[in-house]
Amino acid sequence: MKDPVQNKLERRLGRLHARQRLGIEIDHEAQIFGQGINFFHIENWYSIHGAIRATLTATGLYQRGLRNAARIQVRHNEVRSHQLPAAFDGYTLLHISDLHSDISPGAMARLAELLPSLTYDICVLTGDYRGATFGPHEPALEGLARLRPLITRPTYGVLGNHDTIRMVPAMEEMGIRMLLNECDVITRAGEPIHLAGIDDAHFYRVDNIEKAGEGIPDAAFSILLSHTPEIYRQAAHAGFDLLLAGHTHGGQICLPRSIPITLDSVLPRRLGAGAWTYHKMAGYTSVGVGTSIVPVRLNCLPEITLHRLRRAL
Ligand SMILES: [Fe+2]
């Protein structure tokens, strides 16, 4: 017998998408090897987390890293496009990624202080609301619910590899439009842009760019939200103008000059943090707000990002 959430998700997403995601979640929770785009999943290897913490403590870096984890930077990125309708010149997206809200209390408190001071048109959330990759998701939703009233503009989201699809009904009840291989049209002065989002491509591999993008006209300006930037080739060749992603944490624990030890991704390093381009597509990989594995950041401060769209002449 199906549980009520499964029924709800099958109605919301279609039977196959809901069954695939729920089934893989049950099969592969906390799986370290195999399944995803990459073979090794450090985020699922829980016994290594204590060893990393002990090493950082022994080298005197733990307390500094803990303080860094709450030092959120507000970054600004400009995206120029000939495709952008004139009515959207100056349109601004607030991009928040990788909250890991249940295990990142310092960053959540700082984010709550920052949000009221920001000006933007819409907010986009690029996944990883939960700290662990399995287990209870309610504390992550509670963290999100505390932030939600501070985000005053329409808000869209996608899921990450740390999230369960069981979070979707509660997030939509909070007024967050979840884009699960779907696309919305945003209009301004009668002119449209298209905002699409895909389900997690990194671990669950239930992303479907073809479905998300099938209704977007060739000449339209379109944005794709994806938790991971690893689908950059598929997004660019599908004709998206802008890809907004997170997942990498920019490495989270980096060597001096922000050189990541691992990005937990199959990705050219230049796509691991900040603004980049691939063919004609602009991209941005947020290093995220929260932390996972250990609650510290070194040489990689957390961020939220204001993307300002500009019409290229
Ligand atoms: Fe994350």
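Check whether at least one residue in the stretch 277-287 is more than 20 Å from residue 76 (Cα to Cα) and within 16 Å of the ligand (Cβ to nearest atom), and report yes or no. Checking the stretch 277-287: not a single residue is more than 20 Å from residue 76 (Cα to Cα) and within 16 Å of the ligand (Cβ to nearest atom). In the stretch 88-116, the residue that is surrounded by the most Cβ atoms within 10 Å (Cβ to Cβ) out of those that are within 15 Å of the ligand (Cβ to nearest atom) and under 30 Å from residue 191 (Cα atoms) is 97. Scan the stretch 296-313 for residues that are open to solvent by 30 Å² or more (accessible area, probe 1.4 Å) and either part of a loop (DSSP other than H, G, I, E, B) or under 19 Å from residue 131 (Cα atoms) (or both) and the total you get is 3.
Residues are listed down the side, and each one gets a yes or a no for (1) touching a His at 6+ places or on another chain (Cβ under 7 Å); (2) free of Cβ contacts under 8 Å to residues at least 60 places away in the same chain:
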residue: 161; (1), (2): yes, no
residue: 171; (1), (2): no, yes
residue: 176; (1), (2): no, yes
residue: 183; (1), (2): yes, yes
residue: 187; (1), (2): no, yes
residue: 194; (1), (2): no, yes
residue: 204; (1), (2): no, no
residue: 207; (1), (2): no, yes
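Quickly run through the stretch 120-135 and pick out the residues that are more than 18 Å from residue 179 (Cα to Cα) and either within 14 Å of the ligand (Cβ to nearest atom) or modelled with pLDDT under 95 (or both). Within the stretch 120-135, 131, 132, 133, 134, 135 meet the criteria.
For the stretch 117-189, list the strands (runs of 3 or more DSSP E) that sit wholly inside it and hold at least 2 residues that are β-branched (Val, Ile, Thr) and crowded, with 21+ Cβ neighbours inside 10 Å; which are they?
Because the criterion is at least 2 residues that are β-branched (Val, Ile, Thr) and crowded, with 21+ Cβ neighbours inside 10 Å, the strands (runs of 3 or more DSSP E) in the stretch 117-189 that meet it are 122-126.
Here is the figure for the stretch 218-265: residues that are away from the ligand (no atom under 16 Å from the Cβ), open to solvent by 20 Å² or more (accessible area, probe 1.4 Å) and in a loop (DSSP other than H, G, I, E, B) total 5. Apart from one condition, residue 54 fits all of (1) more than 16 Å from the ligand (Cβ to nearest atom); (2) within 30 Å of residue 196 (Cα to Cα); (3) open to solvent by 40 Å² or more (accessible area, probe 1.4 Å); the exception is (2).
The values are calculated or read from the model by the stated rules, or taken from the named source; none is laboratory data. Note that the coordinates shown come from a computational prediction; the quantities given were computed from them, not determined experimentally. As a convention, Cβ positions derive from the backbone with ideal geometry for all residues, glycine included, and neighbour counts pool all protein chains shown. Keep in mind that these areas ignore ligands, DNA and RNA; they rest on the heavy atoms of the full protein, side chains included. Shrake-Rupley method; radii C 1.70, N 1.55, O 1.52, S 1.80 Å.
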